[in-house]
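Read through the structure below, which is laid out as structure tokens, and then see the notes.
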Amino acid sequence: MGTNGHNLITVIDIGSAKTAVILGEVAEGGLKYRGHGTAESRGTRKGAIVDLEKAAAAVHHAVERAELVSGATIANAIVTVGGTLVRGVNSRGGLTLGSRPRDVTRDDVRQAIERARSVAIPADREMLHLLPQEYIVDQQGAIRDPLGMTGAKLEVNLHIVTASSSQSQSVVTAANKAGVSADDTVFEALAAAEATLRPDERELGVCLIDIGAGSSELIVYFEGSVAHTGVVPIGGDHFTNDVAVGLRTPLSEAEKIKKNFGHAVVTQVPEGREIEVPGVGDRASRLMPQRLLAEILEPRASELFEYVSDNLRSGGVQDALGAGIVLTGGGSRLPGLLTVAEALLNVPARLASPTPLSKLPASLAEPEYATALGALHYAYRARVARRVPEENSFRARMRTLLERVSVL
């Protein structure tokens, strides 16, 4: 676990637009904010690192700023992993407990999980997470805590999150080059879910879409467990590029125009309203209809959620979204995006900011920090679970087991 001193947890989130480092302090009352630092990302594209030296330099700058704010030295961290090469797969495995029914033990659960994880994956991929969906004891399913139950056969349905080995190693190496030991990795959407989703949404069925700069990671929960994970190759940068090309303006100006005047639904922009668009090079600025900007953004928004719809359909979870979808990440702030999502996916949608920590600056309680803050919550929950004594309650023992297998 990413720790610096006995009571500190550090997260490094290397995105396509920014690199964020956030420290949390473990106190008696829970987890509280200790400090953070950010830097413009370099050497990344579409959620993946393409230049290690530049990426490591961005991490180094963010770490320095976080150390200055927190007054702590950062030696270890948990790093997030995303991008288009992350994949999720469901698997099932189990074992016979004997000729006669007996109580399920911790070793039985571990063996069932080991058998379920024994699926063939390409040599260039590695497992990020093992996430139990349900246990089955003698054909009785929907069991979350099998320890102590009596039966002759134990099975488990498991969701396995995998990533490109080179992609995962790149974020670890970037942190190492910046002088930080990357102790663990966590899938970005899984982290963001920790900070944004409500328990009732996880039960009814919900899809979280974390819209980053280079790609959009998604995770589906149903009946409290992860049912599907995936990534679609569209993020906020694609919207910005469209604006730059369509309005013939520099990328930096296109980003400002998108943030200040953009809308994903043409009909919700009043007719006759104009915006100033800077020219390229020494060309003069022009006044252009704001509706033209929306006409550029709306097709890209539709394409994003068509990709999401196809991804959900291929995962067999398109009908499991009783609570709808939740959007987070910096790209989710575009006005009108919720309307497009609801129209194309035919489910309700909401925009989510991360659950704030104690003493957290208001500037961090925004969708673009959902992944980093969620990774802090994830790491803290895993740390607490690992400290639960063996002799504690049955449910506490189960939480400890799930945390251990989910961060493999």
Provide the per-residue ³J(HN,Hα) series for the stretch 99-107, in order, calculated from phi with Karplus coefficients 6.51, -1.76, 1.60 and θ = phi - 60°, each as a whole number of Hz, with x at glycine and proline positions.
6, 10, x, 8, 6, 6, 9, 4, 5
Summing -39500 (n - 2.57) over every DSSP H run of at least 4 residues in the chain and dividing by its residue count gives a helix-only mean residue ellipticity at 222 nm, to the nearest 500 deg cm²/dmol, of -11500 deg cm²/dmol
Regarding the stretch 87-162, what's the average projected area of the Cα-atom convex hull, expressed in nm²?
4.9 nm²
Once both labels are modelled 7 Å past Cα along the beta-carbon direction, what's the Ala152-Asp319 spacing in nm?
3.4 nm
Applied in sequence order to the stretch 184-199, the curve 6.51 cos²θ - 1.76 cosθ + 1.60 (Karplus, θ = phi - 60°) yields integer Hz couplings, x standing for Gly and Pro, of 9, 10, 9, 5, 4, 5, 5, 5, 4, 4, 4, 9, 10, 8, 9, x
Ordered by fewest other Cβ atoms within 10 Å, a rough proxy for footprinting exposure, Arg92, Arg34 read Arg92, Arg34
Hey, which of these cross-link pairs are over 27 Å Cα-Cα: Lys46/Lys256; Lys18/Lys177; Lys177/Lys259; Lys32/Lys256?
Lys177/Lys259; Lys32/Lys256
Where the convex hull is taken over the Cα atoms of the chain, what is its projected area averaged over directions, in nm²?
21.1 nm²
Cα gyration tensor shape of the stretch 243-376, rounded if a/c is under 1.5, else prolate or oblate by comparing a/b with b/c
oblate
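Hey, got the dipole for the stretch 239-346? About the Cα centre, +1 on K and R Cβ, -1 on D and E Cβ, debye to the nearest 20?
The dipole magnitude comes to about 300 debye.
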Based on the Cβ-Cβ distance of Glu114 and Glu303, what FRET efficiency does E = 1/(1 + (r/R0)^6) give at R0 = 35 Å, to the nearest 0.05?
0.30
Rounded, prolate or oblate: which one fits the stretch 15-92, using the alpha carbon gyration tensor with axes a ≥ b ≥ c (rounded when a/c is under 1.5, else prolate when a/b beats b/c, else oblate)?
oblate
Quick check: pseudo-label points 7 Å beyond the Cα along Cα→Cβ at Ala75 and Ala284, how many nm apart are they?
6.3 nm
For the stretch 1-67 and the stretch 265-301, what is the centre-to-centre distance using only Cα atoms, to the nearest Å?
35 Å
Quick check: residue separation of Arg92 and Asp107 times 0.36 nm, minus the Cα distance between them. What number comes out in nm?
3.7 nm
Within 10 Å of each candidate Cβ there may be at most 12 other Cβ atoms; applying that plus a DSSP loop requirement, which GluC sites (Glu not before Pro) in the stretch 1-89 survive?
Glu28
Can you tell me the orientation of helix 394-406 relative to the chain, as the angle in degrees between its alpha-carbon axis and the longest Cα principal axis, to the nearest 10?
50 degrees
The FRET efficiency for Leu344 and Arg198, from their Cβ-Cβ distance with R0 = 35 Å and rounded to 0.05, is 0.90
Name the residues whose placed amide hydrogens come within less than 5 Å of the amide hydrogen of Ser216, ignoring near sequence neighbours (fewer than 5 apart) on the same chain.
Val232, Ile234
Quick one: angle between helix 165-177 and the longest Cα principal axis of the chain, in degrees between 0 and 90, rounded to 10, please.
80 degrees
Can you give me the distance in nm between label points at Glu126 and Thr173, each placed 7 Å from the Cα along the Cα-to-Cβ direction?
1.2 nm
Using +1 at the Cβ of each Lys and Arg and -1 at the Cβ of each Asp and Glu in the stretch 198-351, identify which of Ala294, Ala227, Pro348 lies farthest towards the dipole's positive end.
Ala294
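Laboratory data are not the source of any read-out in this text; all were calculated from the coordinates shown. Since the structure is predicted, the reported quantities are computational estimates derived from the model, not experimental observations. Virtual Cβ from ideal backbone geometry, glycine too; neighbours counted across all protein chains shown.
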